[in-house]
Amino acid sequence: MDSETYRVRMTGISKRYNTIQTLDDVSLNLKPGEVLGLVGDNGAGKSTLSKVLSGAVIPDAGTIEIDGKAVSFSSPADARAEHVEMVYQDLSLCDTVDVAGNIFLGREPRRRVLGMPFLDKKRMHDEARTMLDRLGIVIADTRLKVENLSGGQRQSIAIGRAASFEPSVLIMDEPTAALAVAEVEAVLDLIRAVSARGVSVILITHRLQDLFLVCDRIQVMYEGRNVAERRIEDTSIEDVVNLIVGRKFQARSARQDNGARA
Amino acid sequence: MDSETYRVRMTGISKRYNTIQTLDDVSLNLKPGEVLGLVGDNGAGKSTLSKVLSGAVIPDAGTIEIDGKAVSFSSPADARAEHVEMVYQDLSLCDTVDVAGNIFLGREPRRRVLGMPFLDKKRMHDEARTMLDRLGIVIADTRLKVENLSGGQRQSIAIGRAASFEPSVLIMDEPTAALAVAEVEAVLDLIRAVSARGVSVILITHRLQDLFLVCDRIQVMYEGRNVAERRIEDTSIEDVVNLIVGRKFQARSARQDNGARA
Amino acid sequence: MANGSVVSIAIFFLVVCLLFSVVTDAFLTAPNLLNIVRQSAPLLIVAAAMTFVITTGGIDLSVGSVLALVATLSAVTLQAGLPWPLVIIAMLLLGAAVGAIQGFFIAYERIPAFIVTLAGLSVIRGIALLITGGYSIPVEATSPFTVIGRAWFLGVPVPALIALAVLVVAYLAFNETRFGRYVTGIGANAEAVRRAGVDTRLTTLMVYVLSSTAAAAAGIILAARLGSGSSNAGQGFELEVIAAVVLGGTSLFGGRGTLVGTVLGAMTVAVIANGLILAHMSPFLTPIVTGTIILIAIWLNFRLFRGAIRSR
Amino acid sequence: MANGSVVSIAIFFLVVCLLFSVVTDAFLTAPNLLNIVRQSAPLLIVAAAMTFVITTGGIDLSVGSVLALVATLSAVTLQAGLPWPLVIIAMLLLGAAVGAIQGFFIAYERIPAFIVTLAGLSVIRGIALLITGGYSIPVEATSPFTVIGRAWFLGVPVPALIALAVLVVAYLAFNETRFGRYVTGIGANAEAVRRAGVDTRLTTLMVYVLSSTAAAAAGIILAARLGSGSSNAGQGFELEVIAAVVLGGTSLFGGRGTLVGTVLGAMTVAVIANGLILAHMSPFLTPIVTGTIILIAIWLNFRLFRGAIRSR
Amino acid sequence: DTFALVTINQQALFFNQINEGAQKAADAAGAKLVIFNANNVPSAQNDAMENYITQKVDGIILVAIDVNGVKPAITAAKAAGIPVIAIDAQIPDGDNVAFVGVDNTKAGEDIGKFYADYVKANMSGTAKIGVIGALNSFIQNQRLDGFKKAVADSGQQITFLDTVDGQNVQDVALTAAENLMTANPDMTTLYATGEPALVGAVSAVTSQGRTGDVKVFGWDLTKQAVEGIDAGWVTAVVQQDPAGEGKAAVEALTKLKKGEKVEPIINVPVTIVTKENVDQFRGMFK
Ligand SMILES: Nc1ncnc2c1ncn2[C@@H]1O[C@H](COP(=O)(O)OP(=O)(O)OP(=O)(O)O)[C@@H](O)[C@H]1O
Ligand SMILES: Nc1ncnc2c1ncn2[C@@H]1O[C@H](COP(=O)(O)OP(=O)(O)OP(=O)(O)O)[C@@H](O)[C@H]1O
Ligand SMILES: [Mg+2]
Ligand SMILES: [Mg+2]
């Protein structure tokens, strides 16, 4: 396939922390508008790999191409300039800053007063409110500090931040982990909507059933290495479970036909 | 029903934070060996309610009885004395303390050297290793600081800590949010095992399918109030979704028959 | 921001003022009040800048030394015949440069701010000593330079006007600009701000440039007011400044800062010092009473506004 | 624990020692080395206790004042004829009581440690000043009390032996007991430790009792060594102690502490002070050289052990 | 020969002039002089002396902060055969071979007597006085005590208003002096016990516009003080001869080294500088 058709090409990415080889010659390709599910066991290196793409971690080796152009991210600011946005697993919120401030962090709208660039707080709060409503999130006031919000509310803010600024690559590291059912639906809808607009999405999740609702392709990692890649049509949840665990595994919690009946 | 048969009886619990009535006259009952699923939308007050039972939050009003005896928890130490253990949603780990130290926090084994009570570090590390293995968690070394562990590894430590000290009430606030599929299975197995030993369990989760694998009963909260209670035999996942959202709701991610086929 | 603490220190400030108005005749007179604002101008200016530093989770122990260096160098350069506007500009630039050097080690080399600025404290005062040889260097009373410290404008002392201008700018920068946002954000979660694409290192460096420049301005005002530059100026000034900031409710752990609180904190310290002298307090009792007043008042306020002040 | 920083400060310490051994003849002689350990005993003792305080994320600015108060009161009570063992016990209890009072406000009333101990600094030194009236009070050179500061035992000065004993106990308490664990835990995540059922308030109070008691011990040693109690004693001591602790690699943000680092940090400060005197450094250059050595060395070490020292 | 000079701080001109006088005398005698600045910390003086003893210098000159607290070090020096000479502050029952300097209590009495006479002659025997001191300085406390004693003995109607603590730092002294004047609008005279206090007092009197009705007395000349004397509102300043003290101390050590004897007390007189004799000191402040 022509490299021109890829939005992202990561090749040979390696990263070592002290004694642990967290990433070992990992590759990842992503086409425009494609949704890639990145799965793997705990500690497999998914977060680290995606942080490499968002510029938050600098790899020991490996190359990254965006839209066919070789890039080298020395900080998240570089990745943001290439329109790569990420929802971090730890959310990366500033606890003592308010909801709107967190959503707009690094991109605060400004207005000129006497030639000075002051924050346009009204616009921040108005637009933050619109975003939250679009994601179906109930937060009483965008002036609240995020430190006292519930786990799900915090996660929603992180998602709102990444999704709202016209990314061309959107990485979501377990975005639905703390979300209730309706909010999960909203996030899945969001993924479908942005990918329809041509945004490439990497979705890291342990909710395997979600993968089958939004992903085009699934990539499985195991102890810092790529171990498998599947087109979504060619696989099943049982197959994915076995790939993640590395052996035949019966997971009742991930079965299609589990659970109660009325 | 006779109150003697209850392990936990919480009645009329209320808690207000500034302008938000987080809990409004909430009740919760739990029998020995019972597994209660506590569900609700983000910000419904599930975490706050369970923190009241673990002594981490002091309610404005309401009473708690444990095994028929009225108790009043002014700190988590009081609740621990009554064998109430909790896995907190934010994990409550000390980042700069090692894995074994976090597991044994507040309960470090000691040995006497010249009459002085020194930490028994060897025992701590040995027992921590056993616990982790039992939960199927891969962590290279129990001497690692928890700050650099992956999200799932951190969560496993919090679970190991709460489950390992003979609780009579075990509260788990979204214990599987960051866990991969095999680890989720291990936690569900753990819940089944401890409840079989007579431990009462409160499981808070947004993974609704898990409820039907381990719970005896489900209690639904909405904006700080009890809205419904169902025996697991009398309900279905669609029913629970509707109760959580507060209206008829189509959640593809929570359907029984979703997803891919080979 | 830390609203509870601001209310708390505001009430405390009013109570202290009330107390001294009742106990002494001289306190509530225009000359005395103007005296207080003139005396506290250097403290206010540096405390405003220090609020930025502390809100990022940093600290600047070198401000007293920078003040001394600038005070002595102002006197030296004026004596050497440099025109006074040039002296002022050169001194402010010197302050900025000192801040940039310290900020470089803190932000780019990630050495703890406490160590860098403690080394700075020692080195910079040492340079001031070396320059003066321990002599205090006079500034001609006729030099227009002394206007900065001594003159009055519209019935208000010039240092107070300078402090007011600095405070307004600091307030706007802290609350109404991106820079202020990032300062708070860095204190709360520096990695999150970095991940948002902000150049956190530059922002961190800048707060030390601010604090050193503010200390330079304070040094200029002091030299002008005293009519002399001495290398022992501003000894212990850093603790006084940090105390004002913390008293105002800014957290030493970063992420929570308030400029209104800082102003109230600084004025409270100044008013207590002034009031105790007016009340003819024995100098031996002054430190005891000062410490006790601050502690008891903070404590009572905390009892009234439970939760207002955070232990971190 | 913060291993990188310990290695870093250890190398730095060795380099400094090597340097002075080459530059001066007297440095590497037994009398001089014993001098250094005797002189640095108060610093070592208080820095060990301060390591606990800082590791909880707290700070104790009052240690210099407690030292001064205890030094003067020892002299006063000895002069009044109290037997010396009683004096020592009373002074240690006084230190513990002062620490308990400060710890109460910090741990139970949740007032920031910086404010409480800054108020303490002012009040306690004020009391010492009041007691002495600004004069210094002699201790009879014949009193057995002076043994604590001046005598030798097995060829080693008694203060050094006391410091050694304190350090061993502190090391064990910090690394091998529940208390030490909780101290680190409180600094990392106080709420997590509380949720684990630990009485975090009592633990927090105790670290201030430790630091004040250590300061009292240092005050006794100093009074015994100097044969005099002066309310001027220990001025600026708090900064010196905190510098030693931070230089050793303990983080001011809490959660990361190392006693080995603290000992190395304190000894480094002491060796630099001693070495510069032996090298006949001009007093005008001493502060400049001291600050520069510390900064450059930390910086070089950081370049070698990138990541060893954390900015927080 | 190597002589060590252990001083208090280098922020007061006074100590630096001692250093200069000593340096000149040492150069003249062909000896090496090393100086240690204790930065106001008493135990640092003790530490430095011990270090010099191990290094076996040929003599130590000491300007003590805590006159009791240096005694063990002086005794140790004597035991090691190193002579110690105290400058400026006498060591009570000390083992130092000699004391060079001013009796601060005595000189305090002198200026106190001068002050009382001035009040008698020019203020019809009544005055109200405020004091700017440095409570952390032993010798400055002595200067205040001597002053008070002489004033009390004079029998004039002099009221002591407040004493404020300038902490031996100019800007602290300035603020304290301003507040002192606000607190006591009826104050007619000011006494400052040291150089920083006097600088603060002079600046405060100017800034408060009280040059017309407050007369200043104090210690240690500076340029501002000379200007005040010229203008008439600084009445008298005790001027010591610190350079002379430093010189005398080094000369004494050189003598001892040669085996000669020195007087146990070497007095260096002070001058009370007024309008009449100020000209001879003007040269110092060019
Ligand atoms: N900064 C770091 N320092 C040391 N080790 C690290 C660091 N970051 C990650 N690791 C290690 O690298 C491994 C991979 O971590 P990573 O967070 O990428 O896993 P993950 O696949 O995202 O797991 P999870 O599903 O649990 O989130 C883990 O073993 C972790 O301990
Ligand atoms: N300490 C606090 N201060 C202020 N508000 C709080 C505090 N703790 C909780 N709240 C508020 O109470 C509400 C309930 O929070 P809680 O964490 O109990 O929700 P939850 O049901 O656990 O939600 P989630 O599923 O997202 O974890 C939220 O709106 C939250 O903002
Ligand atoms: Mg991860
Ligand atoms: Mg929750």
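A viscosity of 1.306 mPa s and a temperature of 10 °C, combined with the Kirkwood radius over Cα pairs in Stokes-Einstein, give a translational diffusion coefficient for chain D of 80 µm²/s.
Leaving ligands, DNA and RNA out of it, report the carbon-plus-sulfur percent of the accessible area of the stretch A:1-111 at a 1.4 Å probe.
Values: 1800 of 4070 Å².
In the stretch A:1-111, the share of accessible area belonging to carbon and sulfur is 44 percent.
Once C binds D, the 1.4 Å probe can no longer reach about 4200 Å² of accessible area, counting both sides. Approximating the spin labels as points 7 Å out from Cα along Cα→Cβ, the D:A97-to-B:K122 distance works out to 4.6 nm.
As an exercise, take the mean of 1/r over every pair of distinct alpha carbons in the stretch E:151-244, invert it, and state the Kirkwood radius in angstroms. Could the numbers behind the result be given before it?
Details: mean 1/r = 0.0745 Å⁻¹.
One over the average 1/r among Cα pairs gives 13.4 Å for the stretch E:151-244.
The charge dipole of chain C, taken about its Cα centre with unit charges on the Cβ of Lys, Arg, Asp and Glu (plus for the first two, minus for the last two), comes to roughly 640 debye. Residues E:W233, C:W299 ordered from highest to lowest accessible area at a 1.4 Å probe: C:W299, E:W233. Note on B:50-63: average number of Cβ atoms from other chains within 10 Å of each residue's Cβ is 1.
By the equivalent-ellipsoid construction on the alpha carbon gyration tensor, the stretch A:69-171 comes out with semi-axes of 23, 20, 12 Å, ordered largest to smallest. So which chymotrypsin sites (Phe, Trp or Tyr not before Pro) in the stretch B:172-262 pass both tests, a DSSP loop state and at most 10 other Cβ atoms within 10 Å of the Cβ? Passing both the DSSP loop test and the Cβ count: no residue.
Candidate cross-link partners of A:K122 among the lysines, defined by an alpha-carbon separation under 26 Å and a same-chain spacing of 8 or more, comprise A:K145. Rolled with a 1.4 Å probe across the full set of protein chains, the surface gives D:Y108 an accessible area near 70 Å². Across peptide E:222-229, the average count of Cβ atoms from other chains found within 10 Å of a residue's Cβ is 3.
How high is the relative contact order of the stretch C:156-312? Use alpha-carbon pairs under 8 Å, at least six apart in sequence, and give a whole percent.
Result for the stretch C:156-312 is 19 percent.
Here A:K69 is the anchor, and the aspartates and glutamates within straight C-alpha reach of less than 14 Å, apart from those fewer than 8 places off in the same chain, are A:D2, A:E4, A:D78, A:E82. Report the residue, chosen from A:L28, A:L144, A:L93, that carries the largest GNM mean-square fluctuation when chain A is represented by alpha-carbon nodes joined by springs under 10 Å. Its mean-square fluctuation being the largest, the pick is A:L144. At the residue level, E:W219 shows approximately 0 square angstrom of accessible surface with a 1.4 angstrom probe and all protein chains present.
The base-10 log of I(q)/I(0) for the stretch C:133-187, evaluated at q = 0.17, 0.26, 0.29 Å⁻¹, reads -0.71, -0.97, -1.06 [Debye formula, identical scatterers on Cα atoms, solvent excluded]. In whole percents, the pair-distance distribution calculated for the protein assembly as shown from its alpha-carbon pairs, binned every 10 Å from zero, is 1, 8, 15, 19, 18, 14, 10, 7, 4, 2, 0, 0.
A simple rule links phi to the HN-Hα coupling: the Karplus curve 6.51 cos²θ - 1.76 cosθ + 1.60 with θ = phi - 60°, which for the stretch D:130-146 gives 4, 5, 8, x, x, 8, 10, 10, x, 10, 3, 5, 8, 5, x, 4, 5 Hz, with x for Gly and Pro.
Which of the chymotrypsin sites (Phe, Trp or Tyr not before Pro) found in the stretch B:1-109 are in a DSSP loop and have at most 12 neighbouring Cβ atoms, other than their own, within 10 Å?
On the way: sites: B:Y6, B:Y17, B:F73, B:Y88, B:F104; in loops: B:Y6, B:F73, B:Y88, B:F104.
Listed in order of number, the matching sites amount to none.
Restricting the calculation to alpha carbons of the stretch B:1-114 gives Rg and Dmax of 16.3, 56 angstrom.
Report the full-extension gain for the segment A:L114 to A:D60: residue separation times 0.36 nm, less the Cα-Cα distance, to one decimal in nm. Display every interim value, and only then the final one.
On the way: separation 54, 0.36 × 54 = 19.44 nm, distance 4.78 nm.
Full-extension gain reported as 14.7 nm.
Multiplying each eigenvalue of the alpha-carbon gyration tensor of the stretch C:80-220 by 5 and taking the square root yields semi-axes of 32, 22, 11 Å, largest first, rounded to whole angstroms.
Tell me the Kirkwood radius of the stretch C:220-286: reciprocal of the mean inverse pair distance over distinct alpha-carbon atoms, in Å. Over the stretch C:220-286, the inverse of the mean reciprocal pair distance is 13.8 Å.
Measuring r between the beta carbons of E:K106 and C:S143 and using R0 = 30 Å, the FRET efficiency lands at 0.15.
The orientation-averaged projected area of the convex hull spanned by the Cα atoms of the stretch C:191-242 comes to 4.7 nm². Peptides A:126-136, A:75-85 ranked from most to least packed, by the mean per-residue count of other Cβ atoms within 10 Å: A:75-85, A:126-136. With 27 Å as the limit on Cα-Cα distance, the pairs of A:K31/A:K121; E:K223/E:K257; E:K24/E:K148; E:K148/E:K247; E:K223/E:K247; E:K113/E:K247 that go past it are A:K31/A:K121; E:K223/E:K257; E:K24/E:K148; E:K148/E:K247; E:K113/E:K247.
Size estimate for the stretch B:117-262 follows the Kirkwood approach: the inverse of mean 1/r over distinct Cα pairs works out to 17.3 Å.
Under a 5 Å amide H cut-off, with hydrogens placed 1.01 Å from N, A:L144 pairs with A:V99 among residues at least 5 apart or on other chains. Tell me, how many Å apart are the Cα centres for the stretch A:1-47 and for the stretch D:237-257? Cα centroid to Cα centroid, the span is 41 Å.
Per-residue counts of other Cβ atoms within 10 Å, averaged by peptide: what ranking do you get for D:85-92, E:82-89, highest first?
E:82-89, D:85-92
In plain terms, the C-alpha convex hull of the stretch E:177-227 casts an average shadow of 3.1 nm² when viewed from every direction. Against the criterion of solvent-accessible heavy-atom surface with a 1.4 angstrom probe, E:K78, E:K215 sort, most first, into E:K78, E:K215.
In the calculated pair-distance distribution of chain E, the portion above 23 angstrom amounts to 53 percent of the Cα-Cα pairs. For D:F13, the accessible area of its heavy atoms, probed at 1.4 Å with every protein chain present, is near 40 square angstrom. Tell me, for the rotation carrying A onto B, which chain A residue has the beta-carbon closest to the axis and what that distance is in whole Å. Here the nearest residue and distance are A:A177, 2.
Could you sort B:S74, C:S136 by accessible area so the largest value comes first, with the probe set to 1.4 Å? Please list the in-between numbers first.
Details: B:S74 75, C:S136 25 Å².
From most exposed to least exposed: B:S74, C:S136.
Evaluated over the Cα positions of the stretch C:1-131, the convex hull gives a direction-averaged projected area, one quarter of its surface, of 11.2 nm². For B:K15, which aspartates and glutamates qualify as cross-link partners when the Cα separation must be under 15 Å and same-chain residues fewer than eight apart are set aside? Once the sequence-local aspartates and glutamates are set aside, what remains near B:K15 is B:D24, B:D25, B:D60, B:E223.
For the stretch A:146-227, state the semi-axes of the equivalent ellipsoid (square roots of 5 times the eigenvalues of the alpha-carbon gyration tensor), sorted largest first and rounded to whole angstrom.
On the way: eigenvalues 88, 54, 33 Å².
Gyration-tensor ellipsoid for the stretch A:146-227: 21, 16, 13 Å.
Average partner chain C-beta neighbours within 10 Å, per residue of E:138-144? Walk me through the numbers before you get to the answer.
Numbers: counts 6, 0, 1, 4, 2, 0, 1.
That works out to 2 on average.
The values are calculated or read from the model by the stated rules, or taken from the named source; none is laboratory data. Predicted model only: the values in this text are computed from it and were never measured. Because the Cβ atoms are built from the backbone with ideal geometry, glycine has one as well, and the counts that use them run over all protein chains shown. When the accessible area is computed, the model is the full protein with side chains, heavy atoms only, and any ligands, DNA or RNA have been set aside. Shrake-Rupley method; radii C 1.70, N 1.55, O 1.52, S 1.80 Å.
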